[in-house]
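A.B. asks: Take a look at the following structure, please.
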Amino acid sequence: MSALPPPTPKPSRRTASTANLDVAERLRSAIVSGNLAAGTRIVQSDIASRLGVSITPVREALRQLEAEGLVDFDAFRGATIHRTSRDELIEVYELRKTLIPASVTAAVHELSDEKLDEAERLAESMTMDMPASDWVEANRRFHWLVDTCDSRPRTRAILGNLTDLSTLYVGMTIVNEEARRSRAQADHLEMVQIARRRDVDAAVSLAIAHLDDTLRSALKTIDE
């Protein structure tokens, strides 16, 4: 577990929920950046010691990451980093492409100027020198904003889960293909401008093309 951040002082007033979020963020960062390899067994006591917390927030953080698809629990091995696969990658992106047209159509009509401004700020921040884990998290937040909307809560929940799981594959694309970041940033900025114009057809078309680009890049990485 040497890829985890070093221990940090334990604030006297830190709440359990804050500790859970901190542990989850640190583990998520190590997973999506590839610093914690797929299949790695997670020893909860080791993580607690390294991060200066008790076992409880570690356990809660792992449950959160399990819900996101980043951690698996096994009766014999306990918690392990989720193993990516070609079949899973294809299935996840097929499902996203099935749901995206209706979801993006609704989102384009409903997105407020404030949310579009937030999405644009996120897109502009996703530069080549941003740490991989931060880039992947910004990407996840961006798509939560522009791909989903309040009027379709069930679709949002399903797409949110698929997007969380996709972070593993997005992470491998930006680590292994340098140009992927610049293409994605250009897409994101264009998505915001299209949404501002309320151009549904263009928004759906670009959203699908964007997913296909990530899929091709991830397949290339997996197949190498």
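The values are calculated or read from the model by the stated rules, or taken from the named source; none is laboratory data. Computed from a prediction, not measured in an experiment: that's the story for all the values here. Glycine gets a Cβ as well: all are built from the backbone with ideal geometry, and neighbour counts include every protein chain shown.
A.B. asks: In contact (Cβ under 8 Å) with a residue 24 or more places away in the chain, of a type in the set (G, A, S) and not assigned by TED's automatic domain parsing to the domain that holds S29, is that true of A218?
C.D. replies: For A218, the condition - in contact (Cβ under 8 Å) with a residue 24 or more places away in the chain, of a type in the set (G, A, S) and not assigned by TED's automatic domain parsing to the domain that holds S29 - is met.
A.B. asks: Specify which of the listed residues (T127, T167, T80) is hydroxyl-bearing (S, T, Y), farther than 22 Å from V200 by Cα and part of a loop (DSSP other than H, G, I, E, B).
C.D. replies: Exactly one of T127, T167, T80 is hydroxyl-bearing (S, T, Y), farther than 22 Å from V200 by Cα and part of a loop (DSSP other than H, G, I, E, B), namely T127.
A.B. asks: Then there is this: Can you name the number of the only condition in (1) free of Cβ contacts under 8 Å to residues at least 60 places away in the same chain; (2) in contact with a Ser or Thr (Cβ under 8 Å, 6 or more places away or on another chain); (3) more than 18 Å from L70 (Cβ to Cβ) that K115 fails?
C.D. replies: All conditions pass for K115, except number (2).
A.B. asks: Also, quick follow-up: Just to check your reading of the model, which residue among R141, R154 is surrounded by fewer than 18 Cβ atoms within 10 Å (Cβ to Cβ), among the basic types (K, R) and closer than 30 Å to A37 by Cα? Quick ask: steps written out before the conclusion?
C.D. replies: Values: R154 fails: closer than 30 Å to A37 by Cα.
Unique residue meeting the criteria: R141.
A.B. asks: To continue, here is another question. With respect to K97, is the statement that it is within 28 Å of S29 (Cα to Cα), among the basic types (K, R) and in contact (Cβ under 8 Å) with a residue 60 or more places away in the chain true?
C.D. replies: Details: within 28 Å of S29 (Cα to Cα): yes; among the basic types (K, R): yes; in contact (Cβ under 8 Å) with a residue 60 or more places away in the chain: yes.
Against the criterion (within 28 Å of S29 (Cα to Cα), among the basic types (K, R) and in contact (Cβ under 8 Å) with a residue 60 or more places away in the chain), K97 qualifies.
A.B. asks: Something else: Against the definition (among the basic types (K, R) and modelled with pLDDT under 95), how does R141 come out, yes or no?
C.D. replies: yes
A.B. asks: Please indicate, with yes or no, whether at least one residue in the range 195-211 is touching a Pro at 6+ places or on another chain (Cβ under 6 Å) and in contact (Cβ under 8 Å) with a residue 12 or more places away in the chain. Give the steps one after another, and end with the answer.
C.D. replies: Just the residues of the range 195-211 that are touching a Pro at 6+ places or on another chain (Cβ under 6 Å), to begin with: 204.
With in contact (Cβ under 8 Å) with a residue 12 or more places away in the chain added as a condition, the list becomes 204.
Yes - at least one qualifying residue is present in the range 195-211.
A.B. asks: Turning to a different aspect of this structure: Which ones in the range 66-80 are surrounded by 13 or more Cβ atoms within 10 Å (Cβ to Cβ) and either at pLDDT 90 or above or not hydrophobic (A, V, I, L, M, F, W, C) (or both)?
C.D. replies: Initial filter on the range 66-80 (surrounded by 13 or more Cβ atoms within 10 Å (Cβ to Cβ)): 66, 68-72, 78-80.
E66, E68, G69, V71, D72, G78, T80 - these are the residues of the range 66-80 that are surrounded by 13 or more Cβ atoms within 10 Å (Cβ to Cβ) and either at pLDDT 90 or above or not hydrophobic (A, V, I, L, M, F, W, C) (or both).
A.B. asks: Check off (1) part of a strand (DSSP E or B); (2) crowded, with 17+ Cβ neighbours inside 10 Å for V92 and give me the number that stays unchecked.
C.D. replies: (1)
A.B. asks: Right, next: Given the structure, is A61 surrounded by 19 or more Cβ atoms within 10 Å (Cβ to Cβ), touching a residue at least 40 places away in the same chain (Cβ under 8 Å), closer than 22 Å to L215 by Cβ and small (G, A, S)? Even if it seems obvious, please write down each step before you answer.
C.D. replies: Details: surrounded by 19 or more Cβ atoms within 10 Å (Cβ to Cβ): yes; touching a residue at least 40 places away in the same chain (Cβ under 8 Å): yes; closer than 22 Å to L215 by Cβ: no; small (G, A, S): yes.
No; evaluated as a whole, the condition is false for this residue.
A.B. asks: Separate question: Would you please name the residue that is farthest from R96 (Cα to Cα), looking only at residues in the range 199-224 that are among the small types (G, A, S) and surrounded by fewer than 16 Cβ atoms within 10 Å (Cβ to Cβ)?
C.D. replies: First, the residues of the range 199-224 that are among the small types (G, A, S): 202-203, 205, 207, 209, 217-218.
Remaining after also requiring surrounded by fewer than 16 Cβ atoms within 10 Å (Cβ to Cβ): 205, 209.
Numbers: S205: 13, A209: 12 Å.
Going through the qualifying residues, I end up with S205.
A.B. asks: So D150 clears everything in (1) over 17 Å from the mean Cα position of the chain (by Cα); (2) of a type in the set (D, E); (3) part of a helix (DSSP H, G or I) except one condition, right? Which one?
C.D. replies: The failed condition is (3).
Yes or no, residue by residue, for (1) touching a residue at least 40 places away in the same chain (Cβ under 8 Å); (2) closer than 28 Å to R198 by Cβ; (3) in the same structural domain as A195 (by TED's automatic domain parsing):
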| site | (1), (2), (3) |
| --- | --- |
| S125 | no, yes, yes |
| W135 | yes, no, yes |
| F142 | yes, yes, yes |
| S151 | yes, yes, yes |
| T167 | yes, no, yes |
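A.B. asks: Which of the residues belonging to the range 57-101 are of a type in the set (G, A, S) and closer than 16 Å to M172 by Cα?
C.D. replies: Looking only at the range 57-101, we keep the residues that are of a type in the set (G, A, S), and these are 61, 67, 69, 75, 78-79, 85.
Selection gives G69, S85.
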